[in-house]
Amino acid sequence: QIKSSSTLIAFNSDRPGMLGIMALEGQGEDKRRVAYLGCHSDLVTDLDFSPFDDFLLGTGSADRTVKLWRLPGPGQALPSVPGVVLGPEALPVEVLQFHPTTDGVFGFLEFRPRLEAHGDLVQSVVWSRDGALVGTACKDKQLRIFDPRAKPEASQSTKAHENSRDSRLAWTGMQEHLVSTGLNQMREQEVKLWDTRFFSSALASLTLDTSPGSLMPLLDPDSGLLVLAGKVTHLFPFCHPPSSSLPDCLPVLSLTVTQCVLESVLRGAALVPRRALAVMSCEVLRVLQLSDIAIIPISHHVPRKAVEFHEDLFPDTAGCVPASDPHTWWAGSNQQVGPCLIPPAPGSPSVWLGPDFMPRDPLADLGPSPQGGFSSSPSSLTSPSTPSSLGPSLSSSSGIGTSPSQRSLQSLLGPSSKFRHTQGSVLHRDSHITNLKGLSLTTPGESDGFCANQLHVAVPLLSSGGQVAVLELRKPGRLPDTALPTLQNGAAVTDLAWDPFDPHRLAVAGEDARIRLWRVPPGGLENMLTTPEAVLTGHTEKIYSLRFHPLAADILASSSYDLTIRIWDLQARTERLRLQGHQDQIFGLTWSPDGQQLATVCKDGRVRVYEPRSGPEPLQEGPGPEGGRGARIVWVCDGRCLLVSGFDSQSERQLLLYMADALAGGPSAVLGLDVAPSTLLPIYDPDTSLVLLTGKGDTRVFLYELLSEAPFFLECNSFTSPDPHKGFILLPKTECDVREVEFARCLRLRQTSLEPVAFRLPRVRKEFFQDDVFPDTAVSWEPVLSAEAWLGGTNGQPRLLSLQPPGMIPVSQAPREAPARRAPSSAQYLEEKSDQQKKEELLNAMVAKLGNREDPLPQDSFEGVDEDEWVSEWQGRPCQFLGSHIHSNADWALGPCGPGLFPAYL
């Protein structure tokens, strides 16, 4: 739940897949500043900092991936993409730990090579202090010892605890001894000490109390202190491990237990590295307690009179330089990390004392990187037994270079997306359409569920007769409680699409194998329409996909369960072309940007490309997604590539990128995302080359910039909503607020409302037109060709339009800003003055805020009466006090309190 390096703290937040990152030490408000890192699409199950790099963080997740993150220094922006992605694995990653002596080696639930013989869920994995052995605790109540370089089977095993609930392990300072925590048959928390030389039974056992939570053993090998932290208890006991003066065969646990009672429920705990302790104040141990609302540091000090460095309390600790590289360790080397002197103050450089280690190439060591990536030597994160297992994963998902030559970090990390800091936000409620009722949730998975253009939104309703509600985007607000005027389709709606060149014409496909064309009045739908403008017949099975031609007017393609794709001339209202060759259900189809080709993805596991005007058979085809649950396809990268979203054989959602002219060779890149039941709907923006990916019922929208060469996928910040959406579509580019650097605007369909979502890019100089974000866009609302011209073989290109608002200068032509001269801070200004001057300035400032004290009071200007008048008029009339006001029985006037005083609040 929480881990600490000598510089940073990482902890699990209350949002799945999100980690909180904060500085370990800080001044003032820095201690309370937390940045959040979106790591995974599912729960983060474990995390660990590298013992050799305070800024290298490894995370494992239930999404079956392991990621490495290069974190920046405190106060800098967190990375949006990981440096390395491993997986997906066969099972969720439960535990993860870096190797204690070797850089670039770490263990998690599935090892490389994998450690076999576990009969149930592995609950704990821990390296020995010398890095030679691995201890595991399993739900089958067995404690196992592995030598991963010798064989994948366990070298020793024994029964650890009687209860199968969460069990944990920790190695002591000696290689032969380890500590296990768990529960006995009476559900009492117990601690056992084991010797690997006499592994049949525990050397010693200590029973604590009855608690439902597990104990986390945190052992400091330098001081010999063992912290037993309960996750959900208020007790925080710790005890001393066996003394080094005792014989190795007779170590026992001390029965003296010191308890620290906590006020809040403990959710996690971590030890702070000894290099970060305040050694001059004799701080020998610091534990970070993670509760529901705070991180509480608990320091343990040894009282000493003299303020000096006490060598008996702080022996030399393990250094920050790895003892060997992965290949040397796999070959059998057990070289240990050299010791270093503990610095007298946190943050001071440690002095390494190891005499036998030769420094490596500086590029091989990991250092802070402002780009948010991570570079490593060629041997990092590899195994001799599986030298190529990580190759495709790294090249297709992260773009991490592994050349040891001295190149810049940019060349090592590969390109990064300029959209990586994209911010998606729901616009103000005034732009929402609310009080939607009776939405149809039974549209096929091949349909987007609803459709919209710059004027109208068409939403299928659940009522019988295939009714479609048409809403006006220009008229947001609450819909009336009465029934809305609808289009009476006559059959259940399977898909629907607006004509891009006629914003008032809607094509609706039904389960009766017919396509109906409806014309919506320019002012919106005011009455129920029962008669369509035209009905297209020809398919013999129900239709599930409609796609208008991107350039030619009155050309519509439809796919059906009769395994054909038919191309219609809407002006003549007839079928003109028919495409064949599919062996199973057609999951999706899409026109190429130039309108010359049409691509499909099919349940038979094939991706096909057609030239409809050349013949009914596919021009080429290649292997598609392995899973048969659903898929989508879209042309990307100016028509050079095809992006397919689908499922693999293990039902994981994935993206496949193909070269459009080489389908037979299979995908050029494959990217696994997460496990979810709904098919990802790819929404592609050709101007930015960004694809937005989400599914019906999802709460997250993934964003990736697509490239036609490695690394192919550049991850950007995703958009997350608190509740699932029923549909998500992209509006025309003209709907974007260019002045706010809004490059995409979408519509999100919820259960009872429609809300616009804006995707914006944070820029400093927003007063200039960001021409690098907004290239000339295609005029998609004007046809280039007529239906007859296209069917006759004519091709065309769309007209381009600049999005530059009048009066804005492109940022590429903006004058360079001169570096601003920083004024000295107020603290520095005050330091140059005497104490008397500071007091005078403070007093003058307070007087200025209160106003001039010599100004007359308001009541001084009021007109009074003579004293004789007062006595004759008011003599003998009492004054009453009501509440906090002073007034007489008569009207408000002068009271007996004296002349010139009106009633007032006391």
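The values are calculated or read from the model by the stated rules, or taken from the named source; none is laboratory data. Just so it is clear, the structure is predicted and the values come from calculations on it, not from any experiment. All Cβ positions, glycine included, derive from the backbone under ideal geometry; neighbour counts span all protein chains shown. For the accessible areas, the whole protein counts, side chains as well, though only heavy atoms, and no ligand, DNA or RNA atoms are used. Shrake-Rupley method; radii C 1.70, N 1.55, O 1.52, S 1.80 Å.
How would you classify the stretch 282-331 from its alpha-carbon gyration tensor, with a ≥ b ≥ c the square roots of the eigenvalues: rounded for a/c under 1.5, else prolate if a/b is greater than b/c, otherwise oblate? Note, shape of the stretch 282-331 comes out oblate.
The amide H of Asp495, built 1.01 Å from its N in the peptide plane, has Ala509 as neighbours under 5 Å, considering only residues 5 or more places off or on other chains. Applying a DSSP loop filter and a limit of 16 other Cβ atoms within 10 Å to the GluC sites (Glu not before Pro) in the stretch 685-721 leaves Glu709. Per-residue surface analysis assigns Asp222 an accessible area of about 50 Å², computed on protein heavy atoms at 1.4 Å probe radius.
Taking the empirical scaling 2.2 N^0.38 Å for compact globular proteins as reference, the stretch 505-558 has a Cα radius of gyration ratio of 1.23. The amide H of Arg64, built 1.01 Å from its N in the peptide plane, has Val93 as neighbours under 5 Å, considering only residues 5 or more places off or on other chains.
What shape does the stretch 628-727 have by the C-alpha gyration tensor, where a ≥ b ≥ c are the square roots of the eigenvalues, rounded means a/c under 1.5, and otherwise prolate means a/b greater than b/c and oblate the rest? Oblate.
Surface composition of the stretch 171-211: carbon plus sulfur atoms contribute 46% of the solvent-accessible area (1.4 Å probe, protein chains only, all chains present). Note on exposure: Ser205, Ser164 ranked by accessible area (1.4 Å probe, complete protein assembly) read Ser205, Ser164, with the most exposed listed first.
Using alpha carbons only, the radius of gyration of the stretch 475-593 set against its Kirkwood radius gives Rg/Rh = 1.00. Modelled spin labels at Gln797 and Ser651, positioned 7 Å past Cα toward Cβ, are 4.8 nm from each other. Here the gap between Arg763 and Asn844, fully extended at 0.36 nm per residue and compared with their Cα-Cα distance, gives a gain of 25.1 nm. For Asn717, the amide hydrogen comes within under 5 Å of the amide hydrogens of His421, Thr422, counting only partners 5 or more places away or on other chains and with H modelled in the peptide plane. For the stretch 536-616, what class follows from the C-alpha gyration tensor (a ≥ b ≥ c being the square roots of its eigenvalues): rounded when a/c is under 1.5, otherwise prolate if a/b is larger than b/c, else oblate? It is oblate, given that a/c is not under 1.5 and a/b is not larger than b/c. With θ taken as phi - 60° and the Karplus curve 6.51 cos²θ - 1.76 cosθ + 1.60 applied, the whole-hertz 3J(HN,Hα) list for the stretch 639-644 is x, 7, 10, 10, 10, 10 Hz, x standing for glycine and proline. Of the heavy-atom accessible surface of the stretch 478-628 (probe 1.4 angstrom), what whole percent is carbon and sulfur? C and S atoms contribute 44 percent here.
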